[in-house]
Amino acid sequence: MATATEPEPKLRGDSAVDPRDQSRGPAVRAMFAGIAGRYDLLNRIISGGRDQAWRRRAVKTAGLRGGESVLDICCGTGDLALMFAFAKPSPAAVIASDFTPQMVRLAADKAGRAGIAMPLCVADALKLPFADGSFDVVSVGFGVRNFQQLDAGLREMARVLKPGGRAVILECTPARGVIGRLAGWYINRVVPWVGNRLTRSKDRAYSYLADSIALFPDADALKARLEGAGFSNVHYRKLNLGTMAIHVGHKPEPIA
Ligand SMILES: C[S@@+](CC[C@H](N)C(=O)[O-])C[C@H]1O[C@@H](n2cnc3c(N)ncnc32)[C@H](O)[C@@H]1O
């Protein structure tokens, strides 16, 4: 995200959805509905087959203790939620949610094929249908960048966590230097060219991907936003040469 001293990054601007639009929820949902059927294929192609390894790392970073409850929001086709469901030590329950019904249906099919009874629901991450303090872990993979209001979404994650629970966020992060320039070229040129064609996305979802990454807070700024949303002991680790980050933030325990 641009600061007072940094100019706004140059955007492609050819997606039907503007990542700066704070009321883009319905447009984001329609865009993901349009690419749902080819979403997994494109993930494998544009990540060079690495995306499942990044999700595995996020699950490991969550440090499950066994018998915990996990909510995976913005679950898409369910890859991260299913990894939590298969993780050891086993969680007591993994629930997955997303506001795009087409994605939830694909996640349900995948869970069925994997023989996992995983509850799923269609729900907006900014208004989750769960009581305060319901989960030990709330995870989100490549989802927070799409929140129409980032801070409200992070506060909602904190709300549904139990005190002492943790949020785990796997997300693309703007990189700097030579790697940043190479990654920028790949994300801005190659990914939209391949992604928009292979998915026939009329909304140009893979141009939105490029622009939403360019505008997204860097890892330090996201850490600060998590702290601002009430999380404590926030830390992150970068992966994929600094172009991805996994943030973990804890919901503070009440002071006795
Ligand atoms: C890039 S996909 C990520 C899917 C999955 N987590 C993964 O690891 O591949 C983003 C998902 O977030 C969902 N999404 C975006 N904004 C949302 C919101 N406000 N509430 C719920 N889901 C949302 C979209 O429908 C889409 O399925």
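Readers should treat all values here as calculations from the given coordinates under stated rules, not as data from a laboratory. Quick caveat: nothing in here was measured; it's all calculated off a predicted structure. Reconstructed Cβ throughout: ideal geometry from the backbone, glycine too, with neighbour counts over all protein chains shown.
When Asn196 is tested against (1) more than 17 Å from the chain's Cα centre (by Cα); (2) farther than 19 Å from Pro9 by Cβ; (3) surrounded by fewer than 20 Cβ atoms within 10 Å (Cβ to Cβ), only condition (3) is not met.
Being in contact with a Leu (Cβ under 8 Å, 6 or more places away or on another chain), not hydrophobic (A, V, I, L, M, F, W, C) and not in a helix (DSSP H, G or I) is a description that does not apply to Gly164. What pairs come out if I take residues in the range 72-94 that are over 17 Å from Leu106 (Cβ atoms) and pair them with residues that are hydroxyl-bearing (Ser, Thr, Tyr) and away from the ligand (no atom under 15 Å from the Cβ) whose C-beta lies under 7 Å away, six or more apart or interchain? Taking only residues 6 or more apart or on different chains, the pairs are Pro91/Ser69; Ala92/Ser69; Ala93/Ser69.
Quick one: how many residues across the range 60-115 are in a loop (DSSP other than H, G, I, E, B) and more than 16 Å from the ligand (Cβ to nearest atom)? Looking only at that region, the number is 12.
Select from the range 116-143 the residues that are of a type outside the set (Gly, Ala, Ser), within 22 Å of Phe231 (Cα to Cα) and assigned to a strand (DSSP E or B) and list them in ascending order. Answer for the range 116-143, where residues must be of a type outside the set (Gly, Ala, Ser), within 22 Å of Phe231 (Cα to Cα) and assigned to a strand (DSSP E or B): Phe135, Asp136, Val137, Val138, Val140.
Scanning the range 65-78 for residues that are at negative phi, buried (at least 22 other Cβ atoms within 10 Å of the Cβ) and either among the charged types (D, E, K, R) or out of contact with any Pro (no Cβ under 7 Å at 6 or more places or on another chain) (or both) yields a total of 6.
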